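The values are calculated or read from the model by the stated rules, or taken from the named source; none is laboratory data. Here the structure is a predicted model, which is why all the values come from computation and not from measurement. Counting neighbours? That spans all protein chains shown, and the Cβs are built from the backbone with ideal geometry, glycine included. For the accessible areas, the whole protein counts, side chains as well, though only heavy atoms, and no ligand, DNA or RNA atoms are used. Shrake-Rupley method; radii C 1.70, N 1.55, O 1.52, S 1.80 Å.
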Amino acid sequence: TIHTMNLTDVLNTRSETTNLSGSLTQPEIDQIIWSSYGYNPTTDRSQQTLNMIQRHRTIPSAHAYYPLIIYAITPEGVYRYQPNLFKSIGRPADTIGLPVLSYLKPITTGDHRTDLAAATDQPTIVSAPLSLITVLDTSKTHNAGTNYTQFWCLEAGASLHTAMLRATALGHQTLPATPTNPTAIADLLNLNSNQSPLSVLAINGGDN
């Protein structure tokens with residue numbers, strides 16, 4: 001069952017913990033990951049030509065580039081979040097308002113939480129039922145250059161914070177972590193040379 005609370009209560013009760021354990025239901029995992037970088041299911045045809053559809057996302061992005069990728073690590077494996085199947089297959093525009101179909105693409109199976117924890121400044125995330133890794137893909141920044149680096153960092157922070165708030169609304173605590181060995185994380189996620197991890201967020205579980 002999905003539990004929730006209003007924004008004021010979320011802001012008043014949000015807290016961090018190093019006591020990371022328990023489990024999350026699949027609907028909870030889906031909600032937390034969606035909140036970090038997902039698409040709004042409603043359509044917006046305003047200010048569009050040729051009836052093209054504008055879909056808003058859970059956080060803003062400079063020039064709407066959205067150069068981040070969200071990865072998830074659970075006891076079962078490593079996954080890449082695909083926020084919209086329509087976009088992932090390379091279609092440049094949506095003209096008819098196709099439904100948003102998000103999914104977790106498996107990268108590798110097995111429990112790799114020890115590897116992730118060893119590459120951050122928070123070793124206790126080794127027992128977290130869910131950790132999200134925010135990755136910057138510079139190939140999606142349209143050659144904006146280093147002057148825009150601050151915006152991508154702000155975007156990563158917004159993504160992390162939104163996921164923290166959604167986790168809190170579901171009754172769970174979180175723990176942000178800094179990638180201290182980004183090369184090891186890149187190897188774990190099978191990243192290419194254009195991609196680099198910016199932040200990690202572990203989510204506590206409960207007795208589900």
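Observations on the structure shown:
- Note on the chain: with charges restricted to the Cβ of Lys and Arg (+1) and Asp and Glu (-1), its dipole about the Cα centre is near 620 debye.
- Of the residues Tyr66, Ile185, Thr43, the one whose Cα sits farthest toward the positive end of the charge dipole of the chain, with +1 on the Cβ of Lys and Arg and -1 on the Cβ of Asp and Glu, is Thr43.
- Coupling constants for region 65-76 follow from the phi torsions by the Karplus curve (6.51 cos²θ - 1.76 cosθ + 1.60, θ = phi - 60°), and in residue order they are 6, 6, x, 8, 10, 9, 10, 10, 10, 10, x, 8 Hz; glycine and proline get x.
- Here the 3J(HN,Hα) profile of region 159-164, calculated from phi with Karplus coefficients 6.51, -1.76 and 1.60 at θ = phi - 60°, is 4, 4, 5, 5, 5, 4 Hz, Gly and Pro shown as x.
- Accessible area of the chain belonging to carbon and sulfur atoms, whole % at 1.4 Å probe: 52 percent
- Calculated [222 nm] ellipticity per residue, helices only, for the chain: -8000 deg cm²/dmol; basis is -39500 (n - 2.57) per DSSP H run with n ≥ 4, divided by all residues, nearest 500.
- Relative contact order for region 100-208, counting Cα pairs under 8 Å that sit 6 or more residues apart, in percent: 40 percent
- Using the 1.4 Å probe convention, the accessible area of the chain works out to 51 Å² per residue with neighbouring protein chains retained.
- Relative contact order of the chain, defined on C-alpha pairs under 8 angstrom at six or more residues apart (%): 31 percent
- Residue ranking by accessible heavy-atom surface, 1.4 Å probe, largest first, among Asp137, Asp9 comes out as Asp9, Asp137.
- In Å², nearest 10: area of Asp115 left accessible to a 1.4 Å probe: 80 Å²
- Highest-MSF residue in the chain out of Asn190, Asn181, Asn147 [GNM, Cα springs under 10 Å]: Asn147
- A Gaussian network model of the chain, with springs between Cα atoms under 10 Å, assigns the largest mean-square fluctuation among Thr180, Thr146, Thr74 to Thr146.
- In sequence order, calculated HN-Hα J values of region 132-148 (Karplus, 6.51, -1.76, 1.60; Hz; x Gly/Pro): 10, 10, 8, 10, 8, 10, 5, 5, 9, 8, 6, 6, 5, x, 5, 4, 9
- Candidates Ala144, Ala167, Ala184, ranked by Gaussian network fluctuation over the chain, Cα under 10 Å, top entry: Ala144
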